[in-house]
Amino acid sequence: MKVSKPRGTRDFLPEETARRRNVENIMRQVVTKWGYKEVITPTFEHLELFTLKSGEGVVGELYNFSDKGNRDMTLRPELTAPVMRMYVNEMQAMSRPLKLFYFENCFRYERPQKGRFREFWQFGVEVIGSNRADADAEIIALATNMIEAAGIKGDLHVGHLGIIRHILKDTEDEQKSKIMRLVDKKDDEGLDNYFEEINAPAELRRNLLELICLSGSDAIAKAREILGDIEEIDKFEELLTLLDAYEIDYNVDLSIARGLDYYTGMVFEIYAEGLGAQNQICGGGSYQLISLFGGGDVPSTGFGVGFDRIMEICEIQPPKENKVVIVATDDTRTDAIKVATKMRNELTVYIDIMKRNFKTQLSHANNIEADYAVIVGKKEIESGKLTVKNMQSGEQLQLAIEEAIQLIKSN
RNA sequence: GCCGGGGUAGGGUAGCGGUUAUCCUGUAGCCCUGUGGAGGCUACGAUCCGAGUUCGACUCUCGGUCCCGGCCCCA
């Protein structure tokens, strides 16, 4: 009986694994250069952690279970909440700002489709302790850097929830979130209908509709015309000035709402082409979650990158290293092992474990696309010189082991 | 949860209500235990699962499952 893998999961074969690890390391190098430290949290958490953050409704999307002690648990669906929990549990006395990142698998019970799996990988970054535009700008710049480093051209949209919330400050909560949702979906028709339904004031309608269309360099000025001088616009302007300093291309987009209530100000999303309906590769913003988990009133800002989506469109190939196959005969097998052991200090070395004959060993070397075959036979043992064969050109040289290593390394 | 398209050896495929289920490729071995890529030979290996219709189902019908794309959702 053949057992298949669970729905929405994937096996990664050697070639794909190497490609993923390579890009993962490239991204890791970028964040490390910015001074961020990697953390690891548990693969499963108490269910409560996520219902606190996102409401009871998320349970339907979770891989949750009760353990043998009857505790409600779940595989993590994301990593911002675990990292904030970790901060509250163990890091509150550390000097701020804290700059953390993670790269882990997450699990959601959803219908798989292009760029969406039940087990997927998230690369994320969080800054804890700063509510300044500087932190927001750094986070956006870092996200942009990482995506560029993966060889992807992203389309960055930056917004600020404070501005849209200012317009809606007298609207009741339920209506507010419904409006925000429609705005986020860019559903103009739905928005019109809903305004009609709740009989929204004409001024509010006009202001909101104008605001969410704003873009380009005069967006700030126009927002001021609509709303007057408010603190949120000042802060947003400061953010844009900093982004200019980082020399980042962005689109002002005040229609980004990102759903949930814990986002406090800056929000951004990055899109890429070639991904079908799931074209968002990165999203983030500033938020306040720590007090929800029993910590103080500590502001944070961060983002998550959908690593699997990055890999869908990323074309970076891992660096190739020379592959050496030792070819031996029956009576030189033990000598061949000694040669292989020595060469492995510096090279990637294969040796026959199938008791194959000389010819078939060489043939196998060819099949696995070895760069060099190193022949360790009776003649070589007697002369003390190995036969090194370049599998591409067919050229053969007699060399001492150190010379052989040097030659292969240098090509 | 909903809508559409799919599922034949490890990969790619052909076919038909009754075949020994086609071909390519792959893997292992041999021709050929001191020189690979070509060729020949041999072996391995498949009708997604279940029910129904039928004398007979890989083929038709239904249900499930998985894959692909989309909707909803998207922390």
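Of note:
- Matching entry among A:Thr51, A:Thr80 (being surrounded by fewer than 19 Cβ atoms within 10 Å (Cβ to Cβ), within 16 Å of RNA strand B (Cβ to nearest atom), under 24 Å from the mean Cα position of the chain (by Cα) and in the same structural domain as A:Tyr287 (by TED's automatic domain parsing)): A:Thr51
- Positions within segment A:256-276 being surrounded by 21 or more Cβ atoms within 10 Å (Cβ to Cβ) and within 12 Å of RNA strand B (Cβ to nearest atom), in sequence order: A:Ile256, A:Ala257, A:Tyr263, A:Val267, A:Phe268, A:Glu269
- Strands (runs of 3 or more DSSP E) completely within segment A:290-369 that count 2 or more residues being of a type in the set (Gly, Ala, Ser) and more than 30 Å from A:Gly129 (Cα to Cα): none
- Segment A:350-408, residues that are of a type in the set (Ser, Thr, Tyr) and touching a Gly at 6+ places or on another chain (Cβ under 8 Å): A:Thr387
- Between A:Ile167, A:Ile198, the distinction of being in contact with a helix residue (DSSP H, G or I) (Cβ under 9 Å, 6 or more places away or on another chain) and closer than 19 Å to A:Leu260 by Cα belongs to A:Ile167 only.
- Of the listed requirements (1) over 24 Å from A:Asp136 (Cα atoms); (2) in contact (Cβ under 8 Å) with a residue 12 or more places away in the chain; (3) of a type in the set (S, T, N, Q), A:Asn70 misses just one: (2).
For every residue, the table says whether it meets (1) surrounded by fewer than 12 Cβ atoms within 10 Å (Cβ to Cβ); (2) over 14 Å from A:Val339 (Cβ atoms); (3) within 46 Å of the chain's Cα centre (by Cα); (4) touching a residue at least 24 places away in the same chain (Cβ under 8 Å).
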residue: A:Glu369; (1), (2), (3), (4): yes, yes, yes, yes
residue: A:Val374; (1), (2), (3), (4): no, no, yes, yes
residue: A:Gly377; (1), (2), (3), (4): no, no, no, yes
residue: A:Ile381; (1), (2), (3), (4): no, no, no, yes
residue: A:Lys385; (1), (2), (3), (4): no, no, no, no
residue: A:Asn390; (1), (2), (3), (4): no, yes, yes, no
residue: A:Gly394; (1), (2), (3), (4): yes, yes, yes, no
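- In segment A:277-289, residue farthest from RNA strand B (Cβ to nearest atom) [restricted to those that are farther than 17 Å from A:Ser130 by Cα and in a loop (DSSP other than H, G, I, E, B)]: A:Asn279
The values are calculated or read from the model by the stated rules, or taken from the named source; none is laboratory data. Only a predicted model underlies this, so the values are computations on that prediction, with no experimental measurement involved. So basically every Cβ, Gly included, is an ideal-geometry build from the backbone, and we count neighbours across all protein chains shown.
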